[in-house]
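My questions will all concern the structure given below.
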There are 2 protein chains.
Amino acid sequence: MLANLFSPYSAAIGDPERESFEELLRRPNLRIERIVSMGQSSSPGFWYDQPHGEWVVLLQGSAGLSFEHEQTERVLRPGDFVDIPPHCRHRVEWTDRDTPTIWLAVHYGTLDENAVT
Amino acid sequence: MLANLFSPYSAAIGDPERESFEELLRRPNLRIERIVSMGQSSSPGFWYDQPHGEWVVLLQGSAGLSFEHEQTERVLRPGDFVDIPPHCRHRVEWTDRDTPTIWLAVHYGTLDENAVT
């Protein structure tokens, strides 16, 4: 079982085209996961619109995060965190192409227990 | 407001003898905080015995963590995480004396809303 956030990630080894999502903890109204991105971004025109809140920190790599209600993209570097309230529409514009981008996401509130990610 | 986990910490600047606790997010049954230790440890014979769960990851520095039900201390390095269930008695044996130790703690479950840490 994964016990270190910087340990090897299946996506980087198996399929560099695919992002990796690993659940680290699941409790009522709480799900903590590690996400590893390898240059992926949200599809053009796609916005995440989640019924629950998500507190997320970038720990390695870098990424551009956009919020529909903001004019300019936020660039996240290691250690940067942001709280995304329920139904706050956002998208990942880009992630680092040279270094795996490691995210730690804390999903909270009313979670869809059937959702995989 | 703090927006980066590795940004300067008040304890390191103001009082090197004191650990720093900063709340990053508070929601029903959830509290996320950054803790910065500067060589501190739990008092001799003291055990944390929390009514709620705590998922914690060490992001910088190092520390020795003991659980009452385990024979040997766990040494945590950057990226190492552990889930501490409610009433799982534990203590911090030591933290790095040369490098500030940065913890990210996710407290979950039935929280004492009056507790500061």
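Along the three principal axes, how long is chain A when you take its alpha carbons, biggest first, rounded to the nearest angstrom?
35, 34, 24
In debye, nearest 20, what is the charge dipole magnitude of the protein assembly as shown about its Cα centre with +1 on Lys and Arg Cβ and -1 on Asp and Glu Cβ, if you could check? Write out the running numbers ahead of the final one.
Working: 20 positive and 36 negative charges, 1 e Å.
Here the size comes out at about 0 debye.
So, one more: How far apart are the residue B:75 label points across copies, placing each 7 Å from Cα toward Cβ, in nm, shortest first?
For residue B:75, the other copies' label points sit at 3.8 nm, shortest first.
Excluding the sites themselves, what is the longest stretch of chain A that contains no trypsin sites (Lys or Arg not before Pro) in a DSSP loop with at most 16 other C-beta atoms within 10 Å? Can you show the working numbers first?
Working: sites that count: A:18, A:89, A:97.
Answer from the scan: A:19-88.
So how compact is the protein assembly as shown: Cα radius of gyration and Dmax in angstrom?
Just the Cα atoms of the protein assembly as shown yield Rg and Dmax of 18.0, 57 Å.
Give a quick list of GluC sites (Glu not before Pro) in segment A:14-68 that DSSP marks as loop, anything other than H, G, I, E or B, with at most 11 other Cβ atoms within 10 Å.
Details: sites: A:17, A:19, A:22, A:23, A:33, A:54, A:68; in loops: A:17, A:19, A:68.
Answer by residue number: A:17, A:68.
Another one. Find which of B:29, B:71, B:82 sits farthest along the positive direction of the dipole of segment B:19-108, computed with +1 on the beta-carbon of Lys and Arg, -1 on that of Asp and Glu, about the Cα centre.
B:29
Mind checking segment A:18-106 for chymotrypsin sites (Phe, Trp or Tyr not before Pro) that DSSP puts in a loop (not H, G, I, E or B) and that have at most 11 other Cβ atoms within 10 Å? Mind dumping the intermediate values first?
On the way: sites: A:21, A:46, A:47, A:48, A:55, A:67, A:81, A:94, A:103; in loops: A:46, A:47.
In loop regions of segment A:18-106 (DSSP not H, G, I, E or B), the sparsely surrounded chymotrypsin sites (Phe, Trp or Tyr not before Pro) are A:46.
Taking a label point 7 Å from Cα toward Cβ, how far is residue A:23 from its twins in the other copies, in nm, shortest first?
Result, one decimal in nm: 3.0.
Can you list the copy-to-copy distances for residue B:46, using a point 7 angstrom from Cα toward Cβ, in nanometres, shortest first?
List, nearest first: 4.8 nm.
Quick note: the coordinates plus some simple rules give every number you see, no bench work behind them. Since we're looking at a predicted model, the values are computed, not measured. Counting neighbours? That spans all protein chains shown, and the Cβs are built from the backbone with ideal geometry, glycine included.
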